[in-house]
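Some notes on the structure that comes next.
The values are calculated or read from the model by the stated rules, or taken from the named source; none is laboratory data. Remember, predicted model here, so these are calculated numbers, not experimental data. Note that we place each Cβ from the backbone using ideal geometry, even for glycine, and neighbour counts take in every protein chain shown. Calculation scope for accessible area: heavy atoms of the full protein, side chains included, ligands and nucleic acids excluded. Shrake-Rupley method; radii C 1.70, N 1.55, O 1.52, S 1.80 Å.
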Amino acid sequence: MSVKVNIPAVLRAAVGGSKSVQAESGQLREVLAGLGEQFPALKEQVFGPDGGLHKFVNIYINDEDVRYLENLDSKVADGDTVAILPAVAGGSRQA
Amino acid sequence: MKLTIPQDIYDGMIQHCRDDYPNEACGFIGGEDGEGKVLYNLPNAAASPIYYRPEDKQMIAAINDIDDRDHELVAIFHSHVASPPIPSPTDRREAHYPDAVYLIVSLMDSENPLTKGWLIKKQDWRDETGEVIEVDLVIS
C-alpha cells in the first residue's frame, strides 16, 4: 500500500501531466520529500522561501487541512489520500 | 477568450448568490473547451459580505468530481454584494488558478445581477499581482 497524492491542474506539468501520483507513507514532510526527489519542480512550487508550505498552497490529508492537523508533521498512513490545492479565496474586501 | 455558460447553470449560480446574501457566495463550474457543464455551489466558510473561502470538504469533492468527469475547472465564481463585478485587490492577490475564469456576480442591483468574467494571469501562479483580462461571457 502507499499514499495517493492528487495533483491540481496548475502543478500537473511538474509531474508529467498526471492527475495523481503515488508516494510512500510517513510524516507529511517525508511524503513531500519523497515526491520532491521524483519531481523537483513540484517541490519548488509547494514550498515557500522559509522551507514551510507556501502560504498559497493548501494540503489536505483525507480532506482535512494539514494546518489544522500537525502541518508538515502530520501523519500520512497507507491508503490515505493527500490533496495539494492552490488556495481559493477572494472577495470585495479592498485590502 | 470566451466562456459559454448554459442558461440553467447561470440561473443556478445567480440563485446561489441570492440565497447567500448578504454574505458573498462562491462555487465552481466544471466543463471543457471553454464551456461550463456542471455547477458546484459551495458554502462560503468565511460567511462574510466581503470575503469568500469555499468550505474545504465540499470544495475537494467538487475538484474530485471535475477530475472524475475528465472536465476542467473552467470557472470560479463569487458574488460582490455591494460593489461592481470587478476584481478587488483581494480577488487579484488571492487568484491562483490562471486557467480558470473568475466570475463575479454583482448584486448591487438585486433585481438585475450583473456578471463579468476575468482571467487573472500571473508570471508565477503563487504571485500576489498579475494582469487582469476580461473574458467574453456567452449565456446560451
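Worth pointing out:
- When restricted to residues that are open to solvent by 60 Å² or more (accessible area, probe 1.4 Å) and of a type outside the set (Lys, Arg), segment B:64-88 contains 6.
- Residue satisfying all of: in segment B:98-140; among the charged types (D, E, K, R) and outside any loop (DSSP other than H, G, I, E, B); farthest from the other protein chains (Cβ to nearest Cβ) among these: B:136
- Scanning segment B:36-84 for residues that are within 13 Å of the chain's Cα centre (by Cα) and within 20 Å of residue A:81 (Cβ to Cβ) yields B:40, B:42, B:54, B:59, B:73.
- Single condition residue B:95 does not satisfy, out of (1) open to solvent by 50 Å² or more (accessible area, probe 1.4 Å); (2) within 13 Å of chain A (Cβ to nearest Cβ): (1)
- Subset of segment B:18-52 [open to solvent by 50 Å² or more (accessible area, probe 1.4 Å), touching a residue at least 12 places away in the same chain (Cβ under 8 Å) and either assigned to a loop (DSSP other than H, G, I, E, B) or at the interface with chain A (Cβ under 9 Å from one of its Cβ atoms) (or both)]: B:21, B:22, B:47, B:49, B:50
- Condition met for residue B:13 (out of contact with any Pro (no Cβ under 9 Å at 6 or more places or on another chain) and within 23 Å of residue B:93 (Cα to Cα)): no
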